[in-house]
Amino acid sequence: MLLRAHSSHACARSNPFMTMAGNNLPALVIFFCVIFTAQTASSASPALESDILLKFKSSLINTTALDSSWNAKTNPCTTNWNGVRCIDGNVHGLQLEGLGLTGTIDVDTLAGLKSLRYISLINNNFHSAIPNIWKLGALKAVYLSRNQFYGEIPDEFANMASLKFLHLSRNEFTGKIPSSLARLPRLLELKLDENQFEGNIPDFQQKDLRKITVANNQLVGPIPAGLSKASPADFEGNKGLCGAPLKEACPSANKMSTTLLIFIIVIAIAATLLVLFVVIIVIGRRRTTERLGRPSSIKVVASEDDQMETRSQDQSTSSKKSDNANKLTFLRDDRERFELQDLLRASAEVLGSGSFGSSYKAVLASGEAMVVKRFRHMNKGGREDFQEHMRRLGRLRHPNVLPLVAYYYRKEEKLLVSQFMENGSLASLLHSNKTQNQQGLDWPTRLKIIKGVSSGMAYLHKELPSLSIPHAHLKSSNVVLNESREPLLTDYGLVPVINNESAAQLMVAYKSPEYAAEGRVTKSSDVWCLGTLILEMLTGKLPVNYLMQGKGSDDPDLASWVNSIPKEEWTKVVFDIEMEGTKNGKGEMMKLLKIALSCCEEDLEKRLDLFDAVEKIEEVKERDDDELNSKTTSDEVSVPL
C-alpha cells in the first residue's frame, strides 16, 4: 500500500493533466497511472526475491553449481536460476539436489520468500544439526535425505500445519522421533529410515498418512495400531520393535515385568561369572603365554603376524576394562555369528602386510574362511564416529563391492573382517609368476574385470556422496576375484576414519596430480585411480609410484609413460605381451586405452567424470566387428592382438 500510494503521488506530480484537473482526472490518465503503479509493485517482488536468494546462497559453501545462473542482475523466475522453481512469477520451491553443498542453511532469510512451499536439499554434504525448518510454517514439503545432519530433532513441528512430505532418511539423527509430527493434520509421507532414532514410535493417527518408514534405527516398543497395516519393511532393522505388521508379538505388561526381572537376574549372574572368568584367564596367561598360541596348521610364519596375534591377545586381556572387549560387531544379519576368540583359535595363514597393516586368512571350525585386516591408523574420530561409519559401510550391497562382515574396535587399532576369496587379489594374478595351475588373464577376462571395477566405483560414488572421495585407495591389490573371476572392491570408504597424515602417506588417491600440485584430493582423484588401474591391466606394468609412501617416486606414472610413446607404436610397445585372447580386439583395446588416459588427465577440467567414464567403458566390446572385415589380419600385427 505504501508503494502504491507513493507511485500514485509521483504520477500526480509528474502528469500535467492531473495537476490541472485536480480530482476530475481524465479516465485515460487514471488508466495509465494504474498500469504504472501495478508494474512498479509487481517488479519489486522478483528483485526482492533475488536479494533473498543471494543472501541465502552466501551462507552456503561450495556453490559452484549456482554461481553461473544466480545473478543479481537477473530475475530468478524468468532466467531459470539453477534449482529455483517458480509459479506465477514468484519463487515456489528450491530443488538443490546433489550439488555438493555445505555450510549453513539460513532459514531466517528463506522466511522472506512468502510463496516458498517446498525445499529439497537431498544428497548434499551438510554436516550440522537440523536447520530450524519449522520456522517456515507454510512449507508443504521438506526433503533433507542423504546428508550428514546429526543430533536430536527439537519437538517444534506444531506450526507446520501445511506440511505433507518430510524426508529425513540416511542422516545421523539421534534421540526420539518428535511427537509433534504425529499431530500434523495434512502429513502424507514421513521417511526417517537409516538414522539412529531411539525410543518409541509416536502414535500417528492421520487418516491420510500414506507412507511412513522408520527402518534401520534403534526404536523399541509396540508399533502404534494406526500403523499396523503398513509394510513390515518400513520397520525392519529395529530389534526392539514388536507388534503388527511385524511377526514379533508384544508381551503383556505382567509378562514383560517378569521377563525384565529374570533378565536383570541373569545379567547380574553373568556379570559375576564374567569377572571370575577374566581373573582366571589373566592368571592363566601369566603362567603360560602359549595357551592360545599359533595353531600348528598355520602355513606361513611372519613376525608381522606374530605381532598381530599378540596384540589380539592383549585385546582379550583388556576385557576387564571394557564390556565390549573380545566382541566383534557384526554388520550383516544374513550370516552365522562367531567370536574374536574363534578367529584367534582358527587355522591361520598370513596373506601379507599392506600399507595399513597385516592381514591373514582364518578358517573357522565351520570350514568358512575369513580375512582379518588390522588397521593401525584409524584414530581420526572417536568410538561413536567410527561405529557409525562402519554401519554406513555395512549397509552397502553391490555385486562388485566386497561387504564388510564385522569389525573390532580398540583405541589403538581396529580389525575389519570380510569373506575370503579363493582367487586372491587382482595384483597377484596380474603380476605374480605364472604356474601350471594358475591361468593368466586374457583380454576378455581383463575387460570383464575392468567393467566390474568401474561399476563398483559408480555405486560407491552414488551411495557415499557425502565423502570427499568415496574409495580413495583403489589399486590392483585392493580388488579381489571370486570363483567366477568377478571383481570385488575392498578397502573402500576409509578416509573419514583414517588419520589425515596416514591417509596422505599411504592411500593411492593422494598420489594423484592434484594432490602433488595443490595438496588436495577430490572425487575426481578416484577417477585418476580408476584410469591408472585400467592402464595397469592393459600394459601389465606395476605402477611404481603407488608403492612409495608420501607423494610418490620420481618414476613417471603409467599415463605419462604411455603418452611418452608415439601413438603409432602403442600396439607394439604398450599392451601386455602376455595378454592372450586379443585376436580381433585391437580396436576395442585402443578405445579402452584412450578412456584410461582421459581418466588420468592432470587437468581436472579435462578429466572424465566418473559416471561418463563408466558409460564409455560399458560400451567397449571384446571384439572389433569392423576389424573382422579389415584386410589387415592378426598375423600382420607385431604383438598378439
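All of the numbers you see were taken from the coordinates with simple rules; none came from a lab. All values reported here derive from a predicted model rather than from experimental measurement. Please note: Cβ atoms are built from the backbone with ideal geometry, for glycine as well, and neighbour counts cover all protein chains shown.
Applying a DSSP loop filter and a limit of 12 other Cβ atoms within 10 Å to the GluC sites (Glu not before Pro) in the stretch 574-609 leaves Glu578, Glu605.
Which ordering of Ser179, Ser120 is given by a fewest-first count of other beta-carbon atoms within 10 Å? It would help to have the intermediate numbers written out before the result.
Values: Ser179 15, Ser120 20.
Ordered by Cβ neighbours within 10 Å, fewest first: Ser179, Ser120.
Distance between the modelled labels on Ile61 and Glu580, one decimal in nanometres: 5.5 nm (7 Å Cα→Cβ projection).
Once backbone amide H atoms are built at 1.01 Å from N, Leu351 has Ser359, Tyr360, Lys361 as its partners under 5 Å, excluding neighbours fewer than 5 places away on the same chain.
From most to least packed by mean Cβ count within 10 Å, the peptides 358-368, 187-197, 65-75 give 187-197, 358-368, 65-75. Using the average count of surrounding beta-carbon atoms within 10 Å as a protection proxy, the listed peptides 444-457, 151-164 rank, highest first, as 444-457, 151-164. Label zone of Lys229 (point 7 Å out along Cα→Cβ, amide N under 19 Å): in the stretch 147-186 this covers 186. As a calculated quantity, the FRET efficiency between Arg183 and Asp612 at R0 = 60 Å, using C-beta atoms, amounts to about 0.80.
The stretch 398-497: which GluC sites (Glu not before Pro) are DSSP loop and have at most 13 other beta-carbon atoms within 10 angstrom?
Listed in order of number, the matching sites are Glu412, Glu422, Glu483.
The Asn82 and Lys591 beta-carbon pair, evaluated with R₀ = 35 Å, returns a calculated FRET efficiency of approximately 0.55.
Shape verdict for the stretch 59-226, please, from the Cα gyration tensor: rounded (a/c under 1.5), prolate (a/b greater than b/c) or oblate. Because a/c hits 1.5 or more and a/b exceeds b/c, the stretch 59-226 counts as prolate. The protection proxy used here, the mean number of other Cβ atoms lying within 10 Å of each residue, ranks peptides 559-572, 92-105 as follows, highest first: 92-105, 559-572.
Exceedance of the 32 Å cut-off in Cα-Cα distance is limited, within the set Lys462/Lys511; Lys164/Lys380; Lys164/Lys239, to Lys164/Lys380.
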